[in-house]
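Below is one structure, written out as structure tokens; the observations come after it.
Throughout, read-outs are computed from the coordinates displayed, never taken from laboratory work. Just so it is clear, the model here is predicted, and its values are computed rather than measured. FYI the Cβ positions are ideal-geometry reconstructions off the backbone, even for glycines, and counts take in every protein chain you see.
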There are 2 protein chains.
Amino acid sequence: MTEDNTIYIGNKPVINYVLAVVSQFNEGADEVVIKARGRAISRAVDTAEVVRTRFLQGVYPKEIKIGTEELEGHKGDMVKVSSIEIFLAKEK
Amino acid sequence: MTEDNTIYIGNKPVINYVLAVVSQFNEGADEVVIKARGRAISRAVDTAEVVRTRFLQGVYPKEIKIGTEELEGHKGDMVKVSSIEIFLAKEK
């Protein structure tokens with residue numbers, strides 16, 4: 001799996017990310033990773049669930065990792081934010 | 001493990017849930033489950049990460065499950081929301 005199979009979740013509507021994930025699988029990916037930080041984490045879970053329940057029934061969350069990342073805040077200070085990685089895979 | 005070891009994440013500050021999780025472990029629980037739905041999912045991950053990184057270093061996310069639940073909306077209609085369950089366990 002290459003890094004190309006990673007979808008980063010931002011502030012766009014969930015359906016945009018859902019379609020990006022579906023495209024990756026349709027182009028032959030065996031696994032797609034959904035990554036998000038902070039408040040976008042909920043949207044990452046929504047994306048994975050909409051893909052699985054409405055678009056690609058054979059896809060499932062193979063692994064889910066959570067972590068903490070340090071980012072530079074507005075004033076140059078370091079801010080800790082939570083992150084999630086959802087590894088979606090095709091059932092074989 | 002009994003259902004008593006489950007912490008449901010709502011709209012309160014993260015620290016409230018962090019302290020609830022820490023209390024469960026301090027009272028002897030081997031595992032604590034953090035559950036959330038919808039936008040509270042990000043707060044559930046924050047809770048798990050703050051517990052692990054600042055309070056109880058020997059605790060880790062043993063398993064993370066995501067799913068979709070159907071709830072009754074304001075007008076009696078059914079609404080689908082994403083959910084998360086984070087199983088925190090003590091390292092042995």
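Here are the numbers for the structure shown:
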| quantity | calculated |
| --- | --- |
| Per-pair calculated FRET efficiency, R0 = 35 Å: A:D4 and B:N11 via Cβ, rounded to 0.05 | 0.40 |
| ³J(HN,Hα) computed for each position of region A:77-82 - Karplus, 6.51 cos²θ - 1.76 cosθ + 1.60, integer Hz, glycine/proline x | 7, 8, 10, 8, 10, 6 |
| Inter-copy label distances at B:Q57 (7 Å, Cα→Cβ; nm, one decimal) | 4.9 |
| Estimated 222 nm signal from helices in the protein assembly as shown, with DSSP H stretches of n ≥ 4 weighted -39500 (n - 2.57), rounded to 500 | -8000 deg cm²/dmol |
| Derived scalar couplings ³J(HN,Hα) [region B:53-67; Karplus, 6.51 cos²θ - 1.76 cosθ + 1.60; whole Hz; x for Gly, Pro] | 8, 10, 10, 10, 4, x, 9, 9, x, 6, 8, 10, 10, 10, x |
| Nm distances between copies for A:K12, ranked from closest, using label points 7 Å along Cα→Cβ | 3.8 |
| Loop-located GluC sites (Glu not before Pro) in region B:2-92, at most 15 other Cβ atoms within 10 Å (DSSP) | B:E27, B:E91 |
| Pairwise FRET efficiency - A:L19 versus A:Y60, Cβ, R0 = 22 Å, nearest 0.05 | 0.70 |
| Compactness of the protein assembly as shown - radius of gyration and Dmax, Cα, Å | 17.0, 51 |
| Proximal charge balance of B:L19 [Cβ under 15 Å; K/R count +1, D/E count -1] | +1 |
| Over region A:11-92: Rg over Rh, Cα atoms, Kirkwood Rh | 1.05 |
| Point-charge dipole on Cβ atoms (K/R +1, D/E -1) for chain A, about Cα centre, debye to 20 | 340 debye |
| Built amide H within the under 5 Å cut-off of A:I7, gap 5+ | A:V33, A:I34, A:K35 |
| Rel. contact order, % - alpha carbon contacts under 8 angstrom, at least six apart, region A:3-90 | 32 percent |
| Nearby lysines by direct alpha-carbon distance to A:K62 (threshold 18 angstrom, same-chain neighbours under 8 apart not counted) | A:K35, A:K90, A:K92, B:K62, B:K65 |
